[in-house]
Amino acid sequence: MEPRPAQALGGPVSAEENTVWDSIWTNAHLATMRPGGAPYGAVRDGAVAVKDGIVAWLGSRKDLPGAPESLAAKVHDARGGWLAPGLIDCHTHLVYAGHRAHDFEKRLEGATYEEIAGEGGGILSTVAATRAASQEELLRAAKGRLKRLLLEGVTTVEIKSGYGLETSSELRMLRVARILGDQHPVTVRTSLLGAHALPPEYAHDREGYVGLVREEMIPAAAREGLADYVDAFCERIAFSVEECEDIFRGARAHDLPVRLHADQLSDSGGATLAARFEALSADHLEYCSSSGADALARSGTVAVLLPGAFYFLGQSTHPPVELFREKGVPLAIATDSNPGSSPVSSLLLTMNMACTLFGLTPEESLAGVTRNAAAALGLGGDRGVLEVGKRADFAVWDVDTPAELSYWVGGNPCVAVVQDGSPVGR
């Protein structure tokens, strides 16, 4: 099911629009993901027109104001597939060196995440490998991980630092993330995660390291335009609420939005902290309390669920999905792709896990990697939903129903990807 080869046409313009669209995708069912109407915001036997990288028209094919060949320079036949917004992976750690297979073995032998970290494994082992890697080595490794996501219809991806834990290494990671966005047909958004773990050289000076993140890393990343957000890991094995507050105040001083790894291993008060700073998202949330969920609902902060980490770490406490539903907290999902707790490179697999492990519906799962994932990155104004005036980022799927995107395990029915209005080579 490949799109019909584009045809360069010179037919008359639409009398009604007095313009020529760049392209039309027709013979497609549309999963617009607009809320409040039909499931998936579905439009059957629809069409989407693109002009200057923006959705210029969409609706039922029979309502087109003329023959497609007379309205657009290129016509693509989706051959009866489903066309949906480009997927958004809103929480990843794609840039790093090495792997943590040894940690995996230790966990299978019964060691906990905290015990492995306490023995010098965990994040700090990846820090050592990442500090030793050149920019070129980091870029080469990250390219492979990113390409696997792109093959699944991902058009926007967030990438964190956090494995340098010193200013030069953190900035190197962020530069690699920016280069990935320049070299591939994908929007890359970056998060400075200097507060991921305490580096060994600051093992006895927590205050000094928090000050380094606040006073040196954040200003440097802001000055070079390398960070779109500031993130932190609020947990008993990482940073306290008070330390994260300090870092968030530094982010505010440089007009950087914040996000937070919150309540993954304990009820640390992370969700409430995230809400207090109007964070775009609070991520993980397995131990989020009712009061934390209330705070997220009031602030509009998106709850980003990370079932890959839940699965890989063998956790048993589920995030309070029903509580989030009741209180109206938007639910996003993401791969959390990283070497230690979620070595996952498939957003489609993550969608399946969100349904099978956390009880999301397939529609909630798709909303979690489109509409709500866009909100988690502060990008809901221009993507995540198929709608006139938004970016023409979408994917075509060879499926009978959008539920199949969450149903198949290990399959990839994506047959075409359009980024900023242009078909992407596959």
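The values are calculated or read from the model by the stated rules, or taken from the named source; none is laboratory data. All figures in this text were calculated on a predicted structure; none of them were measured in a lab. All Cβ positions, glycine included, derive from the backbone under ideal geometry; neighbour counts span all protein chains shown. Accessible surface areas use protein heavy atoms only, side chains included; no ligands, DNA or RNA. Shrake-Rupley method; radii C 1.70, N 1.55, O 1.52, S 1.80 Å.
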Pull up the range 54-76, narrow it to residues that are farther than 24 Å from Leu348 by Cβ, in contact (Cβ under 8 Å) with a residue 60 or more places away in the chain and in contact with a Lys or Arg (Cβ under 8 Å, 6 or more places away or on another chain), then point me to the one that is surrounded by the most Cβ atoms within 10 Å (Cβ to Cβ).
Val75
Determine, yes or no, whether Leu193 is aliphatic (A, V, I, L, M), in contact (Cβ under 8 Å) with a residue 40 or more places away in the chain and over 19 Å from Asp283 (Cβ atoms).
no
Top-ranked residue in the range 83-117 [being modelled with pLDDT under 95 and of a type in the set (Phe, Trp, Tyr); ranked as farthest from Gly194 (Cα to Cα)]:
Phe104
Return a yes/no flag: does the range 143-163 have any residue that is among the β-branched types (Val, Ile, Thr) and more than 25 Å from Arg383 (Cβ to Cβ).
no
Please return the ranges of helices (runs of 4 or more DSSP H) entirely within the range 88-198 where 3 or more residues are crowded, with 20+ Cβ neighbours inside 10 Å.
123-132, 135-150, 167-183
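Yes/no matrix, rows are residues, columns are (1) over 24 Å from Asp294 (Cα atoms); (2) surrounded by 20 or more Cβ atoms within 10 Å (Cβ to Cβ); (3) of a type in the set (Phe, Trp, Tyr); (4) out of contact with any helix residue (DSSP H, G or I) (no Cβ under 9 Å at 6 or more places or on another chain):
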position	(1), (2), (3), (4)
Glu322	no, no, no, yes
Arg325	no, no, no, no
Pro330	no, yes, no, no
Asp336	yes, yes, no, no
Ser342	yes, yes, no, no
Leu347	yes, yes, no, no
Thr350	yes, yes, no, no
Met353	yes, yes, no, no
Glu363	no, no, no, no
What is the one condition in (1) surrounded by fewer than 24 Cβ atoms within 10 Å (Cβ to Cβ); (2) on the phi < 0 side of the Ramachandran plot that Val396 does not satisfy?
(1)
Taking Leu146, is it touching a helix residue (DSSP H, G or I) at 6+ places or on another chain (Cβ under 7 Å) and at pLDDT 95 or above?
yes
I need every pair where a residue in the range 405-426 that is closer than 14 Å to Leu348 by Cα has its Cβ under 9 Å from the Cβ of a residue that is open to solvent by 80 Å² or more (accessible area, probe 1.4 Å) and not in a loop (DSSP other than H, G, I, E, B), sequence separation at least 6 or different chains.
Ser406/Thr356; Val409/Thr356
With Ala274, Ala238, Ala262, Ala297 as the choices, which residue is touching a Cys at 6+ places or on another chain (Cβ under 7 Å) and in contact (Cβ under 8 Å) with a residue 12 or more places away in the chain?
Ala262
Please find, among Asp393, Asp382, Asp420, the residue that is modelled with pLDDT of 95 or more, over 30 Å from Ser299 (Cβ atoms) and among the acidic types (Asp, Glu).
Asp420
Can you tell me how many residues within the range 399-412 are within 20 Å of the chain's Cα centre (by Cα) and buried (at least 19 other Cβ atoms within 10 Å of the Cβ)?
3
For Phe233: the one exception among (1) in a strand (DSSP E or B); (2) closer than 22 Å to Thr370 by Cα; (3) touching a Cys at 6+ places or on another chain (Cβ under 9 Å); (4) not β-branched (Val, Ile, Thr)
(2)
Looking at (1) more than 19 Å from Val157 (Cβ to Cβ); (2) in a loop (DSSP other than H, G, I, E, B), which one does Pro343 not meet, given that it meets all the others?
(1)
Being modelled with pLDDT of 95 or more, under 12 Å from Leu165 (Cα atoms) and of a type outside the set (Val, Ile, Thr) is the filter; apply it to the range 200-214 and report the residue that is surrounded by the most Cβ atoms within 10 Å (Cβ to Cβ).
Tyr209
